[in-house]
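Here's the structure we're looking at; comments come further down.
The values are calculated or read from the model by the stated rules, or taken from the named source; none is laboratory data. Owing to the predicted nature of the structure, the values given are computational and were not obtained by experimental measurement. Cβ: placed from backbone, ideal geometry, glycine included. Neighbour counts: every protein chain shown. Quick note on the areas: whole protein, heavy atoms, side chains included, nothing else; ligands and nucleic acids left out. Shrake-Rupley method; radii C 1.70, N 1.55, O 1.52, S 1.80 Å.
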Amino acid sequence: MGRPEFTIDAEGVRKRYPKAPEGTGLNGFDLRVRAGSVRGLLGPNGAGKTTAVRILATLLEADAGRVSVAGFDVATQARQVRRNIGLVGQYAAVDEVLTGRQNLVMFGRLNHLPSPVARSRAEELLERFSLTESAGRSVATYSGGMRRRLDLAASLIVAPPVLLVDEPTTGLDPAARAEVWEAVRELAESGTTVLLTTQYLEEADRLADRISMLRAGRVVAEGTPDELKATVGGDRIDVVLSGGDDVTTVLGLAGRVASGEPYAEGDRVSVPVAGRTRALAELVSALNEAGVEPQDITLRRPTLDEVFLKLTKEVVR
Ligand SMILES: Nc1ncnc2c1ncn2[C@@H]1O[C@H](COP(=O)(O)OP(=O)(O)OP(=O)(O)O)[C@@H](O)[C@H]1O
Ligand SMILES: [Mg+2]
């Protein structure tokens with residue numbers, strides 16, 4: 001059998017939870033991920049991210065559609081699929097009673113590593129996720145962030161061809177988050193295909209080669225971070241107002257150089273512009289003439305947050 005073109009290939013997936021209202025779950029979910037790439041799956045709470053991950057991991061059966069992972073069908077070849085995936089769940093899957101070290105050695109043994117190899121691999125991963133000091137304590141005494149790191153370490157005992165990670169850094173402090181990012185990057189470089197769901201757009205922006213935006217159980221946009229940013233237009237000028245500045249006045253002046261609708265949010269007016277520096281120069285002089293002295297003016301590219309807000313606000317038909 002040849003290598004499949006898409007390591008993750010899902011088409012027209014539907015999943016409706018009994019008792020849940022119409023439209024929850026997945027409603028025609030499509031996803032194609034190439035081997036060795038990192039895909040970010042983004043969406044607001046309840047969009048269906050965890051549902052999708054559980055179906056890909058064979059933990060949940062779809063009502064309709066076709067799904068293959070690593071070339072195997074999740075419905076008819078679940079065992080082969082499981083052999084090819086690592087899963088880091090939204091809720092940690094480690095044993096509470098065992099110590100951190102025992103958990104990792106156990107995962108290694110379950111994955112058929114010889115005992116000395118399982119041990120040295122465990123030490124290596126404890127070190128990488130800054131868990132060496134607490135390795136001898138039972139997991140019941142770990143903080144949420146420590147559990148999450150241990151959970152990720154466990155899934156990396158044997159580098160799987162496909163890694164599914166559901167919100168890998170929720171509840172982690174910035175240093176631990178950076179360690180997780182580094183681990184995901186290393187895995188992808190070694191050829192693992194990664195699907196990660198996240199609520200942190202910055203995380204997707206940094207890690208993902210491509211992003212799928214999920215809304216109400218369907219992918220509503222897909223592309224590289226740059227492609228998605230381009231969908232909300234070109235550059236922006238942000239004007240941070242001083243206490244005395246009038247929002248309406250600034251919005252009016254901004255309208256003269258804007259290429260789209262400027263908007264105000266708190267003490268900030270954001271203006272989409274086409275001609276970068278010329279628009280900036282014109283706006284600065286217009287503000288000057290009107291006697292407006294803002295705290296700050298910056299020229300920037302759109303952020304993924306803006307893409308996310310636009311897509312999650314738009315009406316879905
Ligand atoms: N076991 C279940 N029974 C009934 N409804 C469910 C069940 N699991 C999920 N749902 C509903 O299906 C929808 C999708 O849930 P899912 O957990 O996939 O979303 P999510 O995108 O992972 O959200 P979050 O960001 O909160 O993790 C939600 O409306 C949720 O309430
Ligand atoms: Mg979820």
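Criterion first (surrounded by 11 or more Cβ atoms within 10 Å (Cβ to Cβ), in contact with a Phe, Trp or Tyr (Cβ under 8 Å, 6 or more places away or on another chain) and outside the structural domain of Asn27 (by TED's automatic domain parsing)) does Val257 satisfy it?
No, not satisfied.
Determine whether the range 74-82 contains at least one residue that is at positive phi and either assigned by TED's automatic domain parsing to the domain that holds Gly191 or out of contact with any Pro (no Cβ under 7 Å at 6 or more places or on another chain) (or both).
The answer is no, given that none of the residues of the range 74-82 is at positive phi and either assigned by TED's automatic domain parsing to the domain that holds Gly191 or out of contact with any Pro (no Cβ under 7 Å at 6 or more places or on another chain) (or both).
As an exercise: evaluate Arg276 against (1) touching a strand residue (DSSP E or B) at 6+ places or on another chain (Cβ under 9 Å); (2) of a type outside the set (Phe, Trp, Tyr); (3) more than 30 Å from Pro44 (Cα to Cα); (4) at pLDDT 90 or above and give the number of the one condition it does not meet.
Among (1) touching a strand residue (DSSP E or B) at 6+ places or on another chain (Cβ under 9 Å); (2) of a type outside the set (Phe, Trp, Tyr); (3) more than 30 Å from Pro44 (Cα to Cα); (4) at pLDDT 90 or above, Arg276 violates only (4).
Please count how many residues of the range 197-230 are within 17 Å of Leu26 (Cα to Cα) and of a type in the set (A, V, I, L, M, F, W, C).
6
If we keep just the residues of the range 263-289 that are under 29 Å from the mean Cα position of the chain (by Cα) and among the hydrophobic types (A, V, I, L, M, F, W, C), which is farthest from Asp246 (Cα to Cα)?
Among them, the one singled out is Val273.
Cβ-Cβ distance below 7 Å, separation of 6 or more or different chains: which pairs start in the range 186-209 with a residue that is in contact (Cβ under 8 Å) with a residue 40 or more places away in the chain and end on one that is of a type in the set (Asp, Glu) and open to solvent by 40 Å² or more (accessible area, probe 1.4 Å)?
Leu201/Asp305
Here are the criteria: (1) free of Cβ contacts under 8 Å to residues at least 24 places away in the same chain; (2) of a type outside the set (Lys, Arg); (3) within 28 Å of Ser138 (Cβ to Cβ). Tell me which single one Asn103 does not satisfy.
With respect to (1) free of Cβ contacts under 8 Å to residues at least 24 places away in the same chain; (2) of a type outside the set (Lys, Arg); (3) within 28 Å of Ser138 (Cβ to Cβ), Asn103 is out only on (1).
Take the residues in the range 125-148 that are assigned to a helix (DSSP H, G or I) and surrounded by fewer than 15 Cβ atoms within 10 Å (Cβ to Cβ); name whichever of them is nearest to ligand 1 (Cβ to nearest atom).
Result: Gly144.
Answer yes or no: is there a residue in the range 87-96 that is within 16 Å of ligand 1 (Cβ to nearest atom), under 20 Å from the mean Cα position of the chain (by Cα) and without any contact (Cβ under 8 Å) to a residue 60 or more places away in the chain.
Yes, the range 87-96 contains a residue that is within 16 Å of ligand 1 (Cβ to nearest atom), under 20 Å from the mean Cα position of the chain (by Cα) and without any contact (Cβ under 8 Å) to a residue 60 or more places away in the chain.
Got a number for residues in the range 145-174 being of a type in the set (Ser, Thr, Tyr) and out of contact with any Lys or Arg (no Cβ under 8 Å at 6 or more places or on another chain)?
Residues in the range 145-174 being of a type in the set (Ser, Thr, Tyr) and out of contact with any Lys or Arg (no Cβ under 8 Å at 6 or more places or on another chain): 1 in total.
Which members of the range 112-124 meet the condition of being assigned to a loop (DSSP other than H, G, I, E, B) and either touching a Ser or Thr at 6+ places or on another chain (Cβ under 8 Å) or surrounded by fewer than 15 Cβ atoms within 10 Å (Cβ to Cβ) (or both)?
His112, Pro114
Do you know which residues across the range 42-52 are under 15 Å from Thr169 (Cβ atoms) and within 10 Å of ligand 2 (Cβ to nearest atom)?
Matches in the range 42-52: Lys49 only.
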